[in-house]
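The values are calculated or read from the model by the stated rules, or taken from the named source; none is laboratory data. This structure is a prediction, so every number in the text was calculated from the model and none was measured. Don't worry about glycine lacking a Cβ; one is built from the backbone with ideal geometry, like all the others, and counts go over all protein chains shown. Just so you know, the surface numbers come from the protein's heavy atoms only, side chains and all, with ligands and any DNA or RNA stripped out. Shrake-Rupley method; radii C 1.70, N 1.55, O 1.52, S 1.80 Å.
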Amino acid sequence: MPAELIDGVSIAREIRQEIAEKAARLAERGIRPGLAVVLVGDDPASAVYVRSKGRACDEAGMYSSTINLPATTSQPELLEVVNRLNADSRIHGILVQMPLPKQLDADTVIRAIDPRKDVDGFHPVNIGKLLIGERDGFVPCTPAGIQEMLRRSAIETSGAECVIVGRSNIVGKPMAALLMQDAAGANGTVTVCHRHTRDLGAHTKRADILIVAAGRAGLVTADMIRPGAVVIDVGMNRIDDPNSSRGYRLVGDVDFESVSKVASRITPVPGGVGPMTIAMLMSNTVKAAEQIGAA
Ligand code: ADP
């Protein structure tokens with residue numbers, strides 16, 4: 001039997017609806033959650049992401065502000081913008097769109113963001129809180145979205161063999177930290193695979209829940225899947241497609257065609273993890289507004 005799809009579009013829509021309701025309740029207390037997105041340079045893909053983040057905020061009744069800076073912006077100039085946003089009471093969440101032009105140091109910029117406004121969850125304070133299990137920090141949006149997706153799809157993580165492929169700071173590592181917590185929606189037995197893993201298939205085949213974030217189209221094939229496993233594909237790879245008007249199409253890291261015949265549940269690409277990420281960004285911004293507003 002083919003795997004059932006986990007529909008990120010409809011789950012994300014449900015979450016955005018709930019966020020709009022929360023934002024309306026905050027508005028009754030005179031608090032309008034505000035997100036600032038800083039975009040340096042004119043990378044077209046980044047511009048698309050930034051626009052959709054702004055639009056999603058508007059739809060939920062939140063305040064959003066986009067700060068467009070030239071590609072030649074210096075480090076002190078960018079840090080000054082971040083400091084101004086840290087001090088701006090209309091802004092509860094600050095996001096600096098990555099990647100940054102090469103004269104700018106991402107680590108320094110991330111550390112300059114007030115951790116209470118770091119809705120991307122990349123500041124070391126928030127990464128530390130995630131690892132310790134402190135609940136008032138911010139979890140990076142992609143792993144937070146995956147956990148929420150599993151929860152809303154009634155997929156049991158407690159005691160499950162959770163195998164993660166990829167150990168990036170924005171997906172693999174925080175995903176592992178999240179699933180290993182002693183908490184609802186977690187309590188998994190976590191394995192993290194990466195470039196140096198000796199026999200990737202031997203690990204993935206043990207997974208009840210397999211999460212793939214390696215940035216390699218077609219890395220995971222049907223022979224690497226335990227029958228009945230849940231497969232979450234974080235990959236977003238452009239591959240040439242002369243039949244598409246854009247000349248390319250988006251595929252994940254998982255060979256959907258073959259894996260969907262073996263897995264029990266699977267996320268499509270696009271329409272799986274992607275839409276969840278923006279929903280969680282908004283959710284983090286509302287959380288920031290609740291915490292800062294109450295302080
Ligand atoms: P993302 O932003 O999706 O997390 P990155 O490019 O930052 O992606 O990270 C890719 C991760 O995938 C790295 O941790 C790397 O070790 C892992 N990876 C890449 N290729 C393979 C592979 N062939 N087998 C296992 N892991 C891989």
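Based on Cβ point charges of +1 for Lys and Arg and -1 for Asp and Glu, what charge dipole magnitude is obtained for the stretch 141-274 about its Cα centre, in debye rounded to the nearest 20?
Numbers: 15 positive and 13 negative charges, 38 e Å.
Dipole about the Cα centre, nearest 20: 180 debye.
Could you tell me the distance between the Cα centroids of the stretch 47-88 and the stretch 97-169, to the nearest Å?
That distance is 19 Å.
Which residue fluctuates the most in the chain, going by a Gaussian network model with Cα springs under 10 Å, if the choices are Q103, Q181, Q147?
Top of the fluctuation ranking is Q103.
Could you tell me what percent of the DSSP beta bridges with both partners in the chain are antiparallel, to the nearest 5?
Working: 4 of 33 bridges.
Bridges in the chain are about 10 percent antiparallel.
Rounded to the nearest 20 Debye, what is the dipole magnitude of the chain about its Cα centre when Lys and Arg each give +1 and Asp and Glu each give -1 at the C-beta?
Values: 33 positive and 34 negative charges, 23 e Å.
Magnitude of the dipole: close to 120 debye.
Please list, in chain and number order, the residues 5+ apart from E4 or on another chain whose amide H is under 5 Å from its amide H, with Hs placed from the backbone.
For E4, whose amide H was placed from the backbone, the distant partners under 5 Å are R265, I266.
Find the all-direction average of the projected area of the Cα convex hull for the stretch 88-220, expressing the result in square nanometres with one decimal place.
Values: hull surface 39.1 nm².
Computing the convex hull of the Cα atoms and averaging its projections yields 9.8 nm².
Placing +1 on the Cβ of each Lys and Arg and -1 on the Cβ of each Asp and Glu in the chain, which of L179, L95, I113 has its Cα farthest towards the positive end of the resulting dipole?
About the Cα centre, the residue reaching furthest to the positive side is I113.
Using only Cα atoms, tell me the angle between helix 8-28 and the longest principal axis of the chain; keep it within 0 to 90° and round to the nearest 10.
30 degrees
Beta carbons within 10 angstrom, averaged per residue: use that to sort the peptides 277-284, 19-26, 266-273, 194-201, highest first. Let's see the in-between values first.
Numbers: 277-284: 24.9, 19-26: 16.8, 266-273: 22.9, 194-201: 11.2.
So the order, starting with the most tightly packed, is 277-284, 266-273, 19-26, 194-201.
What span do the alpha-carbon atoms of the stretch 31-114 cover on each of the three principal axes, reported in whole Å from largest to smallest?
Reported extents, whole Å, longest axis first: 36, 28, 17.
Given 10 °C and 1.306 mPa s, compute D for the chain with the Stokes-Einstein relation, Rh being the Kirkwood radius over Cα pairs; round to the nearest whole µm²/s.
Once the numbers are plugged in, D ends up at 80 µm²/s.
Compute, for the stretch 226-295, the length of the dipole vector about the Cα centre, with Cβ point charges of +1 (Lys, Arg) and -1 (Asp, Glu) only. Units Debye, rounded to 20.
On the way: 7 positive and 7 negative charges, 26 e Å.
About 120 debye.
What's the angle, to the nearest 10 degrees (0 to 90), between helix 44-59's Cα axis and the longest principal axis of the chain?
It works out to around 70 degrees.
How large is the translational diffusion coefficient of the stretch 168-285 in µm² per second when you combine the Kirkwood radius over alpha carbon pairs with Stokes-Einstein at 4 °C and 1.567 mPa s?
Details: Rh = 15.3 Å.
Result for D is 85 µm²/s.
If DNA, RNA and ligands are ignored and the probe is 1.4 Å, what is the ranking of S52, S158, S46 by accessible area, most exposed first? Write down the numbers at each step before the final one.
Working: S52 30, S158 65, S46 5 Å².
Ranked from most to least accessible, the order is S158, S52, S46.
Express the accessible area of the stretch 183-295 per residue in Å², computed with a 1.4 Å probe while the remaining protein chains stay in the model.
Values: 5250 Å² over 113 residues.
I get 47 Å² per residue for the stretch 183-295.
Report, in degrees rounded to the nearest 10, the 0 to 90 angle that the Cα long axis of helix 273-294 makes with the longest principal axis of the chain.
40 degrees
With each label point set 7 Å from Cα along the Cα-Cβ vector, what nm distance links R111 and R84?
So the label points at R111 and R84 sit 2.4 nm apart.
Quote the FRET efficiency, to the nearest 0.05, computed for L131 versus E18 with a Förster distance R0 of 22 Å and r equal to the Cβ-Cβ distance. Please list the in-between numbers first.
Details: r = 27 Å, r/R0 = 1.24.
With a Förster radius of 22 Å, E is 0.20.
Per-residue HN-Hα couplings for the stretch 262-271, Karplus 6.51 cos²θ - 1.76 cosθ + 1.60 at θ = phi - 60°, whole Hz, x for Gly and Pro?
Residue by residue, the stretch 262-271 yields 10, 6, 8, 9, 8, 8, x, 10, x, x Hz.
Can you give the local net charge around A214? Use residues other than it whose beta-carbon is closer than 14 angstrom to its beta-carbon, Lys and Arg +1, Asp and Glu -1. Working shown, then result.
Working: positive: R167, K173, R195, R216; negative: D233, D253, D255.
Local net charge: +1.
Convert 4 °C to kelvin, take the viscosity as 1.567 mPa s, use the Kirkwood radius over C-alpha pairs of the stretch 1-159 as Rh, and evaluate the Stokes-Einstein diffusion coefficient in µm²/s, rounded to a whole number.
Working: Rh = 17.3 Å.
For these conditions, the coefficient is 75 µm²/s.
Compute the separation of the alpha-carbon centres of the stretch 188-213 and the stretch 6-34 and state it in Å as a whole number.
34 Å
Using a Förster distance of 30 angstrom, determine the FRET efficiency expected from the C-beta separation of S158 and T197, and round it to 0.05.
Working: r = 25 Å, r/R0 = 0.83.
Approximately 0.75, to the nearest 0.05.
Quick one: if the Förster radius is 30 Å, what FRET efficiency do S245 and T189 give, using the C-beta to C-beta distance and rounding to 0.05?
Working: r = 45 Å, r/R0 = 1.49.
Efficiency, from the Cβ-Cβ distance: 0.10.
Amide H to amide H under 5 Å from Y63: which residues, 5+ apart in sequence or cross-chain, H placed 1.01 Å off N in plane?
When sequence neighbours closer than 5 places are left aside, the close amide H contacts are G34, L35.
Give the long-range amide H neighbours of V40: residues separated by 5 or more places, or on another chain, with amide H under 5 Å away, using H modelled in the peptide plane at 1.01 Å from N.
For V40, the qualifying residues are L69, Q97.
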